Every structure is written in structure tokens, then in C-alpha cells.
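Laboratory data are not the source of any read-out in this text; all were calculated from the coordinates shown. Computed from a prediction, not measured in an experiment: that's the story for all the values here. Heads up, the Cβs are rebuilt from the backbone with ideal geometry, glycines too, and the neighbour counts pull from every protein chain shown.
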Amino acid sequence: MSVLSSPHFHDEAKAFEYLESIVWADGVVCPHCGVVGGRVYDLSGVRTKASAKNPEGKVRHGLKKCGECRKQFTAKVGTVFEHARLPLTKMLQAVHLMVSSKKGISAHQLSRVLEVQYKSAWFLAHRIREAMRSGDLATPFGSGGGAVEVDETYIGAKSDYAGNRRGYGHKHAVLALVDRESGQSRWFHIENSRAKDIHPIVRANISREARLMTDEATMYRRIGKEFAEHGTTVHAAFNYVSREDRTIHTNTVEGAFSIFKRGMRGVYQHCAEHHLHRYLAEFEFRYNTRTANGVDDRQRAAIAVQGIVGKRLTYEGPRANA
Ligand SMILES: [Zn+2]
């Protein structure tokens, strides 16, 4: 037995049972009329129309009928999986592969492992990234006076950049915030690392009572005064810890960046800028649900599946360089 021998990875009916147990944990919700815990009938044995490929039609797994509005639905309706054509077993395998690979998995590799077309694998991976996207920006980091580390990093290269390629101007800038007490992080794609790119995010996401930890870059100097305390580290000195106060450092956020950079370099070599926020959502998700935060692979997969609800995807397909 292994994690991958779980029935929901191999049996379509079991896959629907697994999905239902997560998305309807608080009772079945009809996606058409919105009734919760109403009369719902199982429509077992219903098949799709006959086709050349399936002369007898295919079994429609997980099909339900709402007793209130009389309409049919499955647990996939209204989720990022709704219009995906792949079997649910393969989609759940993909979720598991993405949440359990520390640096991520490329669409090419996903396509080989699942034995599906590259384009299907690419779309599926983006659906799962959408599920991983956190909507929780409610509680500011550092509430209660905890330390919050803030740092920025640079990856890839802007395809349309015409200027000087020295320095960071031609790269994509990423800002990350780590709340040291809760072990949670928030990641942002920023236009540049100027005060006007960084300050609004810092103000909106960090409590004024927090101890702000940054490097000594000038754009943090002024905003640092708005917080209860501002500890600064020597720029670009990884593993720097202040001698006067051992809690002044940005090593946590730099550690998160090192996983992110290895993943982006090794697995997602050519990430188009307009998709970067989706990859950030993926790394943020895995970081926030990492083993050190007490979450195992199975739980992480279930958390990702919870996130499929209430999100939809609308965008064009893969580009040549995506
Ligand atoms: Zn209904």
C-alpha cells in the first residue's frame, strides 16, 4: 500500500465520493438554487448519449438531482474542475503530485505521468493553482506584536525589456511577507521594487503593532517607522542575525525564496509574466501548508481540493513559451 493506492486515484465513483466528502463536508449544496442540505437524489446508472467511441454511453458518476429545483448536478459544478474533460481520478492524482512536490511539477512531467495531452496537463495544473490561491487576507500579519519578515527577489527575464540588462530592471520582482509566529506567508508579483510598489502591500497586510524585519534597503526606512519596531539586516547577507538581538533577521523569508527560485529555475523555466501570480499562489500554498506547519501530504491535498469551490478560470491557453 502507498498513498497512491487510495481508491479515489483509480476508481471514478470513489473519486466522486472523495470530492463530495470535501466540498460538501457541511451538507450538499445545490449549485443551481443554492439550497443547503435539501432533498437530493442520487441518479445512479445514468449514462451519457451513445457515441461512436462509447456505443452504450458512459456512466455519469456522482450525478445528483435537487429535490427543490429539480435540476441535475455533480460536486464538480461551480468549481475549477467543472469544465475539465479529464477523469476525476487523474485530476486528483495531479493535485497530489502538485502538493507533494516541494518545488512543483512541470506540465510536461504531469502529462507523462498522467498519460494525458500536454495541453490538458497545462490547463489542469493552472486549475489546481487557482484552487491553491488563498482568499484569506483578513487578518494582518504580526497582530499581537509578532515578527513579520519582508523581502523581495527577482526571477526570470521580461520578454519585452529593451533597456540595460544589468541589475534587476529586466527581471520580474516578487515580494513576500512571512509571519514568523504562524508560519504563514503572502506572495506578490510587483512591478518593481520601489517604495510605491511595496508600501501599499506592507501597509495592507501587516499590523502596526508588528516587529517589521527587512534588509537595510532605503525603501523600508520610512515605512519602518510606522511599525512598533523595525529590525534591519545587512543586505544580501544570508544567515545574517543581529548580534545585539538574535531575533532580528530575514532568514525565514529568504529560505522560502530559495525553494521558490530552485523550483522556478528547475521546473518552470519559462514562466510567462501574466501567469506568474498563479505560480506564486502555488508556492505560497505549499509554504503555508508545509510539513513544519503540521500538515501532511494527504491533508495538503484535501486543503487544495477545498479550494476548488467558488473559483472559475477564464483565460487563453498555453503560449509557446509558457
Ligand atoms: Zn436546486
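Overview of results
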item	result
Positive minus negative residues near Val116 (Lys, Arg vs Asp, Glu; Cβ under 10 Å)	+3
Rounded tilt (10° steps) of 251-266 against the dominant C-alpha axis of the chain	50
Principal-axis tilt of helix 118-132 within the chain, Cα atoms, nearest 10 degrees	70
Reachable aspartates and glutamates from Lys196, criterion Cα separation under 19 angstrom, eight or more residues apart if same chain	Glu149, Asp151, Glu152, Asp215, Glu216, Glu226
Between the range 1-54 and the range 207-286, the Cα center-to-center distance that results, in Å	41
Given the chain, longest segment not containing exposed loop chymotrypsin sites (Phe, Trp or Tyr not before Pro) (DSSP; at most 15 other Cβ within 10 Å)	1-160
Cys residues of the chain counted as unpaired, since no other Cys beta-carbon is under 4.7 Å	Cys271
Helix 276-288 vs. the chain, principal-axis angle (Cα, 0 to 90°, nearest 10)	90
Beta bridge orientation in the chain: antiparallel %, DSSP, nearest 5	70
For the chain: relative contact order, % (alpha-carbon pairs under 8 angstrom, 6 or more apart)	20
Charge dipole magnitude, Cβ of K and R +1, D and E -1 - the chain, Cα centre, debye nearest 20	1100
Mean projection area, nm², convex hull over Cα of the range 1-77	6.3
Loop-located trypsin sites (Lys or Arg not before Pro) in the range 6-49, at most 12 other Cβ atoms within 10 Å (DSSP)	Arg39, Lys49
Partner aspartates and glutamates for Lys71 [C-alpha distance under 14 Å; skip if fewer than 8 residues away on the same chain]	Asp42
For the chain, convex hull of alpha carbons as volume per residue, Å³	167
Over 21 Å between alpha carbons, listed pairs Lys58/Lys119; Lys102/Lys261; Lys14/Lys53	Lys58/Lys119; Lys14/Lys53
Estimated 222 nm signal from helices in the chain, with DSSP H stretches of n ≥ 4 weighted -39500 (n - 2.57), rounded to 500	-9500 deg cm²/dmol
